Amino acid sequence: MNWVLLSSCFCSLGLVISATDDRTTMTLTETILAQMPGDPLQGLHQADQVWRSLRDGTLPLPSVIHQAQDPLGEADWDVVICGGTLGIFLGAVLAQRGWRTALLERGVLRGREQEWNISRHELQVFVDLGLLSVAELEQAIVTEYNPARIAFKGGPEFWVRDVLNVGVDPLFLLDCLKSRFLAWGGTLLEHTAFAGAIVHPDGVRIVGAAGLKTRLLIDAMGHFSPIARQARQGERPDGVCLVVGSCAQGYPVNQSGDLMVSFTSIQQQYQYFWEAFPARDGRTTYLFTYGDAHPDRPDLAALYEDYLQLLPEYQGVALDQLQFRRALFGCFPCYRQSPLRSAWNRILHVGDSSGNQSPLSFGGFGAMVRHLQRLTEGVDDALKQDLLDRAALSCLQPYQPNLTVTWLFQRAMRVELTQSLPPDQINQLLSGVFQVMSRLGDRTLKPFLQDVVQFPALSLTLLQVSLRYPGLVLQIIPHVSLRILLDWMGHYLALGAYTAVYPLSLFFEPKLKALSPTQQYFWRARIQALRYGSGNDYRGSSSRIQD
């Protein structure tokens, strides 16, 4: 699971001030974060305002996309991408292929200081697409560690190698891609926030931004994209992943990492999970948990206070021995109706704005990298054939049962505010599941840890868990509800069908040349949907990047 692939919606963490006996007192959060440069208070207030709005259902509904019936005329651009941090990945490849591409970024296009963690073999796509040389990609890797731990309270520890064990420098990576994008003829409009767009039958006019006229608008603005929010029409998220963390120096020397560790029981209707990674300037630790958007859920600031209270026990170090470098936090909503299909012609959602990631992960870098080649080929094909209506573009964000089945796992790892569960039920369930997957070996465990669920591995795991731990399985039914289980069975069967049909589709792939270009587009999209929807895109581990 791409637990730490944090998207660009992360903000700097702020301060918490409480009043007691008519005096202003320093909370632990304020004491620690006061050591860091800058003024993070505003960032905390803004993020918690968004989180409260999600819980209260008061997040403003944008109206940024409008439609017109008159023709736009000749477009200046083939593609305009809104959102540069991850949009530059797709934009660079499209510019390389000769498409007139413009990229809008509301600030300066640059990476953050905190590394993006990923598995080495996933980075191969940058070389395959010609975005980076092997030497450049190796230079982008600034940390690498092994092994990584998985553990749950009261259970054994599990260790894996070469999973999310590589830290990529976003500053270097985005600077390289930015240079390539410009060299290939792309246009970068920094300090240019997206304000709106008008969809015409033959193109899209961007409001402001010098009135750009484009054949296709790509939304890469993340979880809180105004276009995606308008398309979802104020829909409340079906689940939320809350994350808080920091990077600090002063920890005992430790070159291993944690992918998922829990050492506490359920508290405040949350089951807390932890992860940790060596960083180039210290050690990064995160606390994350799953929940819903119930109005009575606590603020992120309260979660950060728990993080600091529990951090010494987790890492075996006193807080006063640490020199904190950065603090990060985020609220990541996820929706069952994902990937999001656009409500308009000529608009395509990609990355976090599409919700094209597992509800177990934060999305961002890892999810974008996984789908980069598929999206590049699909957009290139759509532009060549001028297939830019809703139906054609929806083929590029298809239903993927291997991601949808993970909704049951997220639901089993969270506690509703009205539920009363045994304090260690979630820990015991996860410990049992991972014991089974560990016995089944890396071919089962590693893909799952990278958000790739495959039907044979899932079926074998479920069978063995049912036989070994029948009591734990029976506890799931009242926990997640029979309705959710029945809904999940439909997606599980769809995963089996995709797995069975995908090899057959490959038999017909060479015959596509006999079809018209339009028919080829739709058939290629269907084959890719089967490939990714069944988890057959998984490449497996590799210790090196190949030229």
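The values are calculated or read from the model by the stated rules, or taken from the named source; none is laboratory data. Since the model is a prediction, treat every value here as computed from it, not as a measurement. Using ideal geometry, Cβ is built from the backbone for each residue, glycine included, and neighbour counts are taken over all protein chains shown. In case anyone asks, the SASA skips ligands and DNA or RNA and just uses the protein heavy atoms, side chains included. Shrake-Rupley method; radii C 1.70, N 1.55, O 1.52, S 1.80 Å.
Based only on the alpha carbon positions, what is the Kirkwood hydrodynamic radius of the chain, in angstrom?
Numbers: mean 1/r = 0.0413 Å⁻¹.
The answer is 24.2 Å.
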For this session: Quick one: which residues, 5+ away or cross-chain, put their amide H under 5 Å from the amide H of ASN345? H built at 1.01 Å from N.
Result: ARG390
For this session: Ignoring everything but the protein chains, give the 1.4 Å probe accessible area of LYS511 in square angstrom, nearest 10.
Result: 110
Seminar exercise, completed: Listed by chain and number, the residues whose amide H is under 5 Å from that of GLY355, excluding neighbours fewer than 5 places away on the same chain and using placed H, are LEU340
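Taking square-rooted eigenvalues a ≥ b ≥ c of the alpha carbon gyration tensor, is region 153-249 rounded, prolate or oblate, where a/c under 1.5 means rounded and, failing that, a/b exceeding b/c means prolate? Write down the numbers at each step before the final one.
On the way: a/c = 2.89, a/b = 1.56, b/c = 1.85.
Oblate, since a/c reaches 1.5 and b/c is not below a/b.
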Seminar exercise, completed: Expected vector for region 339-354, Karplus 3J(HN,Hα) from phi with 6.51, -1.76, 1.60 and θ = phi - 60°, integer Hz, x for Gly and Pro, equals x, 6, 9, 4, 8, 9, 5, 6, 10, 10, 8, 9, x, 5, 5, 8
Problem set entry | Packing-based ranking, highest mean first, of 211-222, 487-498 given that Cβ atoms within 10 Å are counted | 211-222, 487-498
Seminar exercise, completed: A correct Stokes-Einstein calculation for region 50-186, using the alpha-carbon Kirkwood radius, 37 °C and 0.692 mPa s, returns a whole-number D in µm² s⁻¹ of 180
Exercise. Tally Lys and Arg at +1 and Asp and Glu at -1 over the other residues with C-beta under 15 Å from the C-beta of ALA151: what net charge comes out?
Worked result: -3
For this session: Can you send over the solvent-accessible area of ASP202, 1.4 Å probe, protein chains only, in Å² to the nearest 10?
Result: 50
Exercise. Using modelled amide H (1.01 Å from N, peptide plane; none on Pro or chain starts), what sits under 5 Å from the amide H of ILE81, excluding residues fewer than 5 places away?
Worked result: ALA102, LEU103, LEU104, ILE218
For this session: Just need the Rg to Rh number for region 396-517, please, alpha carbons only, Kirkwood Rh.
Result: 1.07
For this session: On a 0 to 90° scale, report how tilted helix 84-96 is relative to the longest principal axis of the chain, with both axes built from alpha carbons and the result rounded to the nearest 10.
Result: 30
Problem set entry | Evaluated at q = 0.17 Å⁻¹: base-10 log I(q)/I(0), Debye formula over Cα of region 328-369 | -0.47
For this session: Between GLN373 and ILE484, with labels modelled 7 Å along Cα→Cβ, what's the label distance in nm to one decimal, could you check?
Result: 3.5
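Normalise the Cα radius of gyration of region 443-505 by 2.2 N^0.38 Å (N = residues in it) and let me know the number.
Details: Rg = 13.4 Å, N = 63, 2.2 N^0.38 = 10.6 Å.
Relative to the 2.2 N^0.38 Å estimate, region 443-505 comes out at 1.26.
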